[in-house]
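Beneath this line is the structure, given in structure tokens, with notes to follow.
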Amino acid sequence: MRAKRSLAVLIFLGVASAQKPTTDNLGLVGDRFKPLTYAEMTPAQKTMIDHLLAGERGGLGGPFNVLLRSPEMGDLAQQFGASMRFHAAIPKRALETVIIVTARYWMAQFEWSAHKRAALQAGVSPAVVDAIAAGKRPAGMEPDVEVAYNFITELLKTKQVSDATFQAAKDRFGEKGVVDIIGLSGWYSMVSMLLNVDRYPLANGAKPELQALANPIP
């Protein structure tokens, strides 16, 4: 009990000490694309950053430093991404499953690392997460997770979905949920490409977790 209380305190302190980015300290990160400061941005870039800072995200990690190079597109893209991440019509466990399957497909290390944590926090089983990382079909998935997993893996692997897979997703999540799964994976596929092209660094010297696989989607 004491250990759980200590862990809760540490999590609280970590969250409390995290600083939300400001125009004076954006905290942008990049490799091939130099991290920009607000002062050196064009008006269009500043508009994109202003919208990001006013949005639902707690930070600017990930693809946004790259997207600033095409700020009109980037601003529309980040709004679409926020809609998918925060308002998709599927349960959180299913949502994070779609994201980590997409990250595994693209071998996007930063995206995997960030959303592995989010998936576990959302209640996705560690065994399911580990199987996805290893390119294996997880056993014992809960219904929401299994339906989302079946849909997105079949779509990524075959570029189609069968009538049975489509109907299962529609019955579980509704037509909006089906479209949101596609949009969610589409957004995180774009994120994966941006991060991979940038060679986006992992936080705090972390090591890549995903290994190259001939068939990342079983």
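The values are calculated or read from the model by the stated rules, or taken from the named source; none is laboratory data. Computed from a predicted structure; not experimentally measured. We place every Cβ from the backbone using ideal geometry, glycine too, and count neighbours over all the protein chains shown.
Which of the residues belonging to segment 52-106 are among the aromatic types (Phe, Trp, Tyr) and in contact (Cβ under 8 Å) with a residue 40 or more places away in the chain? Give the steps one after another, and end with the answer.
Step one: filter segment 52-106 for residues among the aromatic types (Phe, Trp, Tyr), giving 64, 80, 86, 105-106.
Answer for segment 52-106, where residues must be among the aromatic types (Phe, Trp, Tyr) and in contact (Cβ under 8 Å) with a residue 40 or more places away in the chain: PHE80, TYR105, TRP106.
Of these, ALA54, ALA94, ALA108, ALA103, which one is surrounded by fewer than 23 Cβ atoms within 10 Å (Cβ to Cβ) and either out of contact with any strand residue (DSSP E or B) (no Cβ under 7 Å at 6 or more places or on another chain) or among the hydrophobic types (A, V, I, L, M, F, W, C) (or both)? Even if it seems obvious, please write down each step before you answer.
Working: ALA94 fails: surrounded by fewer than 23 Cβ atoms within 10 Å (Cβ to Cβ); ALA108 fails: surrounded by fewer than 23 Cβ atoms within 10 Å (Cβ to Cβ); ALA103 fails: surrounded by fewer than 23 Cβ atoms within 10 Å (Cβ to Cβ).
Just a single option satisfies the conditions, and that option is ALA54.
Which residue, of ALA168, ALA212, ALA164, is part of a helix (DSSP H, G or I), among the hydrophobic types (A, V, I, L, M, F, W, C) and exposed (fewer than 11 other Cβ atoms within 10 Å of the Cβ)?
The match here is ALA164.
MET107 - would you say it is among the hydrophobic types (A, V, I, L, M, F, W, C) and at positive phi?
Values: among the hydrophobic types (A, V, I, L, M, F, W, C): yes; at positive phi: yes.
Yes; evaluated as a whole, the condition is true for this residue.
Sort out which residues of segment 137-161 are surrounded by fewer than 14 Cβ atoms within 10 Å (Cβ to Cβ) and of a type in the set (Val, Ile, Thr), and write them in order of number.
Within segment 137-161, just THR158 meets the criteria.
For every residue, the table says whether it meets (1) farther than 27 Å from PHE64 by Cβ; (2) hydrophobic (A, V, I, L, M, F, W, C).
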residue: THR158; (1), (2): yes, no
residue: PHE166; (1), (2): yes, yes
residue: ALA169; (1), (2): yes, yes
residue: ARG172; (1), (2): yes, no
residue: LYS176; (1), (2): no, no
residue: ILE181; (1), (2): no, yes
residue: VAL191; (1), (2): no, yes
residue: LYS207; (1), (2): no, no
residue: ASN215; (1), (2): yes, no
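For segment 180-201, how many residues are outside any helix (DSSP H, G or I) and buried (at least 17 other Cβ atoms within 10 Å of the Cβ)? Even if it seems obvious, please write down each step before you answer.
Narrowing segment 180-201 to residues outside any helix (DSSP H, G or I): 199-201.
Checking which are buried (at least 17 other Cβ atoms within 10 Å of the Cβ) leaves us with 200.
Here the count works out to 1.
Scan (1) over 30 Å from PRO35 (Cα atoms); (2) modelled with pLDDT of 95 or more for the single condition PRO218 breaks and write down its number.
Result: PRO218 passes all but (2).
Pick from segment 116-136 the residues that are free of Cβ contacts under 8 Å to residues at least 24 places away in the same chain and crowded, with 17+ Cβ neighbours inside 10 Å: which of them is nearest to THR153 (Cα to Cα)?
In this case the residue turns out to be ALA131.
Conditions (1) at pLDDT below 95; (2) assigned to a loop (DSSP other than H, G, I, E, B), marked per residue:
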position: ALA3; (1), (2): yes, no
position: SER6; (1), (2): yes, no
position: ILE11; (1), (2): yes, no
position: LEU28; (1), (2): no, yes
position: LYS46; (1), (2): no, no
position: ASP50; (1), (2): no, no
position: GLU56; (1), (2): yes, yes
position: GLY74; (1), (2): no, no
position: ARG93; (1), (2): no, no
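All but one of (1) small (Gly, Ala, Ser); (2) outside any helix (DSSP H, G or I); (3) modelled with pLDDT under 95 hold for ALA89, so report the exception by its number.
ALA89 satisfies every listed condition except (3).
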